[in-house]
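Starting off with a structure, shown below.
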Amino acid sequence: QVQLVESGGGLVQAGGSLRLSCAASGRTFSTATMGWFRQAPGKEREFVACITWRGIVYADSVKGRFTISRDNVENTVYLQMNSLKPEDTAVYYCAAHNSGILMIAEAAYDSWGQGTQVTVSA
């Protein structure tokens, strides 16, 4: 497994931007599937985006507003969030899997960070 530590969450007004970071350690990062998920109060955790060397997938709800990227030298994955909406308020989790396959299913990931809170005010 890989150890993941998220940072960058906070409080922002609607229309604003935040960039989340997820620092990874413990195994080969460059070939791992890296994903972002989020869980809003009272709701189940949902897929946001994932990235591998094969490509990128976004949830429809964030497409065009969020950008996932990775730095294989720094072993870090990022989530740039623009045009934030109140409905983006959630705890955001970084996740990893060593398959290198693009995956949106939460159950496919075997390493998780502790989460970082993002709150978007109206």
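The values are calculated or read from the model by the stated rules, or taken from the named source; none is laboratory data. Note that the coordinates shown come from a computational prediction; the quantities given were computed from them, not determined experimentally. For neighbour counting, all protein chains shown are included, and Cβ atoms are generated from backbone atoms with ideal geometry for every residue, glycine included. Note: accessible area is taken over every heavy atom of the protein model, side chains too, but ligands, DNA and RNA are not part of it. Shrake-Rupley method; radii C 1.70, N 1.55, O 1.52, S 1.80 Å.
Please work through the chain and write down the cysteines that have no neighbouring cysteine Cβ at a distance under 4.7 Å.
So, Cys50.
Can I ask one more? In debye, nearest 20: dipole of the chain around its Cα centre with unit charges on the Cβ of K, R (+) and D, E (-)?
Roughly 160 debye for the chain.
On to the next question. How much of the accessible area of the chain, in percent, comes from carbon and sulfur atoms when a 1.4 Å probe is used?
Roughly 50 percent, rounded to a whole number.
Please list, by residue number, everything in the stretch 84-101 whose backbone N is under 16 Å from a paramagnetic label point 7 Å out along Cα→Cβ of Ser30.
Counting backbone N atoms under 16 Å from the label point, the list is 100.
Looking at the stretch 57-93, which chymotrypsin sites (Phe, Trp or Tyr not before Pro) are DSSP coil and have at most 11 other C-beta atoms within 10 Å of their C-beta?
Hits after loop and neighbour filter: nothing returned.
Could you compute the net charge surrounding Ala23? Neighbours are other residues with a C-beta less than 12 Å from the C-beta of Ala23; K and R count +1, D and E count -1.
Its environment carries a net charge of -2.
Within 10 Å, count the other beta carbons around each residue, average over each peptide in 30-38, 82-90, and list them highest first.
Those peptides, ordered most packed to least, come out 30-38, 82-90.
Can you list residues from other chains, or at least 5 along the same chain, whose modelled amide H is less than 5 Å from the amide H of Gly115?
Amide H to amide H, under 5 Å and 5 or more residues apart or across chains, Gly115 pairs with Glu6, Cys94.
Next question. Given N residues in the chain, what is Rg(Cα) / (2.2 N^0.38 Å)?
After normalising by residue count via 2.2 N^0.38 Å, the value is 0.97.
Still on this structure: Taking the solvent-accessible surface of protein heavy atoms with a 1.4 Å probe, what is the per residue accessible area of the chain in Å²?
Computed with neighbouring chains in place, this is 49 Å² per residue.
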